[in-house]
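Worksheet: the structure to be examined is printed underneath.
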Amino acid sequence: MKSIVWSDHQFLIGNWVLDEQHKSIVTKVNEIVTLWKRGASKRDALQDLEKLRELFSRHFTVEEMMLSDAGSALLDEQREAHGSYCDMANEVILDDNISLEMILIDITEWWTNHILIEDMKFKGIL
């Protein structure tokens, strides 16, 4: 399990608020990865996972507001992606049969793709 390595060149979308939120979420994900590497269980990391869910939720709300204010055609697509991810995150965090490692694999992959694929669609628009 690897941490997400932040690179301004790779991850910045050009909106200071969203970029700072992206960095904060990467930092929290990496903190949880470190906990896992030190032997933490899902139960040990539950408070951090809850904080991560809050960061995601806050970020998605801000992103959707900005897209709405800009009249972006990407708003509905982003809302759908955000809703699907939140539903999935809620399920896996609450499912005792899914390990912290599996959650982190999903989160690191999804979050990286969220920035590099989904959010890059509106780079320079917001």
Within segment 85-110, considering residues that are touching a helix residue (DSSP H, G or I) at 6+ places or on another chain (Cβ under 9 Å) and farther than 19 Å from ALA40 by Cβ, the one surrounded by the most Cβ atoms within 10 Å (Cβ to Cβ): TYR85
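Can you name the residue in segment 26-69 that is hydrophobic (A, V, I, L, M, F, W, C) and under 12 Å from the mean Cα position of the chain (by Cα) and is also surrounded by the fewest Cβ atoms within 10 Å (Cβ to Cβ) among such residues? Quick ask: steps written out before the conclusion?
Filtering segment 26-69 for residues hydrophobic (A, V, I, L, M, F, W, C) gives 26, 29, 32-33, 35-36, 40, 45-46, 49, 52, 55-56, 60, 62, 65-67.
Retained after the next criterion (residues that are under 12 Å from the mean Cα position of the chain (by Cα)): 26, 29, 49, 52, 55-56, 60.
Details: VAL26: 19, VAL29: 20, LEU49: 21, LEU52: 22, LEU55: 16, PHE56: 21, PHE60: 19.
So, considering only residues that are hydrophobic (A, V, I, L, M, F, W, C) and under 12 Å from the mean Cα position of the chain (by Cα), the one surrounded by the fewest Cβ atoms within 10 Å (Cβ to Cβ) is LEU55.
Considering only segment 34-66, state which residues are aliphatic (A, V, I, L, M) and either within 19 Å of GLY83 (Cβ to Cβ) or in a helix (DSSP H, G or I) (or both).
Listed by number, the residues that qualify are LEU35, ALA45, LEU46, LEU49, LEU52, LEU55, VAL62, MET65, MET66.
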When you scan segment 111-126, how many residues do you find that are among the hydrophobic types (A, V, I, L, M, F, W, C) and buried (at least 17 other Cβ atoms within 10 Å of the Cβ)? 4
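Rundown of residues vs (1) modelled with pLDDT of 90 or more; (2) more than 12 Å from the chain's Cα centre (by Cα); (3) among the basic types (Lys, Arg), yes/no style:
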position	(1), (2), (3)
TYR85	no, no, no
ILE93	no, yes, no
ASP96	no, yes, no
ILE107	yes, no, no
TRP111	yes, no, no
HIS114	yes, no, no
ASP119	yes, no, no
LYS123	yes, yes, yes
LEU126	no, yes, no
Restricting the search to segment 97-126, which residues are over 16 Å from ASP48 (Cα atoms), of a type in the set (D, E, K, R) and in contact (Cβ under 8 Å) with a residue 24 or more places away in the chain? GLU118, ASP119, LYS121, LYS123
Selection over segment 37-89 where residues are of a type in the set (Ser, Thr, Tyr), free of Cβ contacts under 8 Å to residues at least 24 places away in the same chain and closer than 19 Å to ILE25 by Cα yields a count of 2
Considering (1) under 15 Å from ASN113 (Cα atoms); (2) crowded, with 17+ Cβ neighbours inside 10 Å; (3) not charged (D, E, K, R), say which one LEU74 fails and leave the rest. (1)
As an exercise: evaluate GLN78 against (1) of a type outside the set (Gly, Ala, Ser); (2) at pLDDT 95 or above; (3) assigned to a helix (DSSP H, G or I) and give the number of the one condition it does not meet. (2)
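The values are calculated or read from the model by the stated rules, or taken from the named source; none is laboratory data. This is a predicted model, so every value here is computed, not measured. FYI the Cβ positions are ideal-geometry reconstructions off the backbone, even for glycines, and counts take in every protein chain you see.
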